[in-house]
Every structure is written in C-alpha cells, then in structure tokens.
1. Of all the C-alpha pairs in the stretch 42-122, what % are more than 14 Å from each other?
2. What number does the stretch 114-174 give for Rg over Rh if you use C-alpha atoms and the Kirkwood radius?
3. Would you give the gap between the C-alpha center of the stretch 1-32 and the C-alpha center of the stretch 70-120, rounded to a whole Å?
4. Counting alpha carbon pairs within less than 8 Å and at least 6 residues apart, what relative contact order, in whole percent, applies to the chain?
5. Label-point separation (nm) for Met77 and Arg64, each offset 7 Å from Cα along Cα-to-Cβ?
6. Using a simple charge model, +1 on the beta-carbon of Lys and Arg, -1 on the beta-carbon of Asp and Glu, nothing else, what dipole does the chain show about its Cα centre, in debye to the nearest 20?
7. Across the Cα atoms of the chain, what radius of gyration and what greatest pairwise Cα-Cα distance (Dmax) are found, in Å?
8. Pop out the ³J(HN,Hα) list for the stretch 156-161 in order, Karplus 6.51 cos²θ - 1.76 cosθ + 1.60 with θ = phi - 60°, rounded to Hz; leave Gly and Pro as x.
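Read-outs: derived from the displayed coordinates by stated rules, not from any lab. Note that this is a predicted model, so its numbers are computed, not measured. Please note: Cβ atoms are built from the backbone with ideal geometry, for glycine as well, and neighbour counts cover all protein chains shown.
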Amino acid sequence: MQIVAMASGTGTNFRAICQGIEKGEIQAQIIGLIVDKPEIKALEVAKEFGIETYIIDYKQYRSRSEFNKAILEQLKMLNPDLICLAGYMRIIDEDIINNYENKIINIHPSLLPKYPGLHAIDKAVIAGEQETGVTTHFVDAGMDTGPIIKQAKFSISGLKLDEVYEKLKPIEHQLYIDTLKEVLGE
Ligand code: GRF
C-alpha cells in the first residue's frame, strides 16, 4: 500500500504515521509528502525519515484552480493507493476527490459532525463541552463531512485550552495509526 501524505504545518500526525510504519504497525510505504508552502516543519520530518517532498507553493499560483491542477498532476505522477491529510489546511478540490474517491483520509480535532472547520478545539471548549475528541474520515466535497472511519473521545472537563491541545495530540496520533490499520485491513 503506497501512501502520499499532505501537510501544511508541524507534521506531528505525519511523524506518527512514519513511526507507525517504521515500527511495523502499519504495512505501508510513504512515497511522498506534498506541502502547500515552503519552510514548514513537516518538511523536516520528511527529511528525517528519508521521504521525498513536493512543495507546491500556493503563493506561486495565479488562481486556486491552477494550484489545484498542480496538486492533481503531482498526485497522478505519484499514483498513491491512499492519500493521508495530516494537518493539510486547504480544501481539497472536487476534481481531486473524484479521482480518489474514498482514498483520501483526513483527521479532524472534534467529534464530527460537531465543530467542523477551523478552530474546532476552541469551539468545543468555548461551548463548555465536557468531552471532545478526534475523528478520521474519508474526504468528500463538503467541509469535514465525509464518511467517518474512527473516533476517539476524551474528557476536557476542568481543562484549560492549552491543556486540551496537549491532551489531544497523542490521541490524534494513535487514532491515525488505528485508522490506517483498519483501512489496510490489518
Ligand atoms: C491536527 O490537529 C489535525 O486534527 C488537524 O490539523 C492538525 C495538524 O497537526 N487536521 P500536526 O501538524 O499533525 O501536528
């Protein structure tokens, strides 16, 4: 199973996937990391694990559609079995979704369908939720609306926002590994 990861940030989920593969927990290979801007930490993670990187810098394109075309072309060249979004902060274009139906996985920091979109953790805390969680799902044309694969819940009762962020991270990482195991039928 050949995976392409896509990221826009620190890449801690990407690292977790790389480590899961390295430890033999996930029977797959990461054949590339696509990022939408240069100089992000996820690129350093890729370097550490010897993974090829493809910087498709959003700012270098005149329009969103040209940017998306470049992403799709790169994906076609890599021809992955699965695409793992790991903190990729742009909406996936419908053309890409149509080419990779039920092959694009995203991780989102809420118990979807609650709190889709940006600032999901903050929204859960501000709403006074006693618990929140993480969801992995296949990507469809909506915003965090695709078929749910797995969820993990945890209590946030009495926690400050930064404590919730800290508690969430290892839960996300484990959920991504468990999700890939399930999707790969392991
Ligand atoms: C995670 O919280 C994930 O749920 C969301 O983006 C964040 C990425 O974090 N989609 P990281 O870059 O993997 O640390």
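1. 70
2. So for the stretch 114-174, dividing Rg by the Kirkwood Rh gives 0.97.
3. Between the Cα centres of the stretch 1-32 and the stretch 70-120 lies a distance of 15 Å.
4. Worked out over the chain, it gives 22 percent.
5. For Met77 paired with Arg64, the spin-label model returns 2.5 nm.
6. 220
7. Taking only Cα atoms of the chain, I get Rg and Dmax of 16.0, 48 Å.
8. 3J(HN,Hα) across the stretch 156-161, in whole Hz: 10, 4, x, 8, 7, 3.
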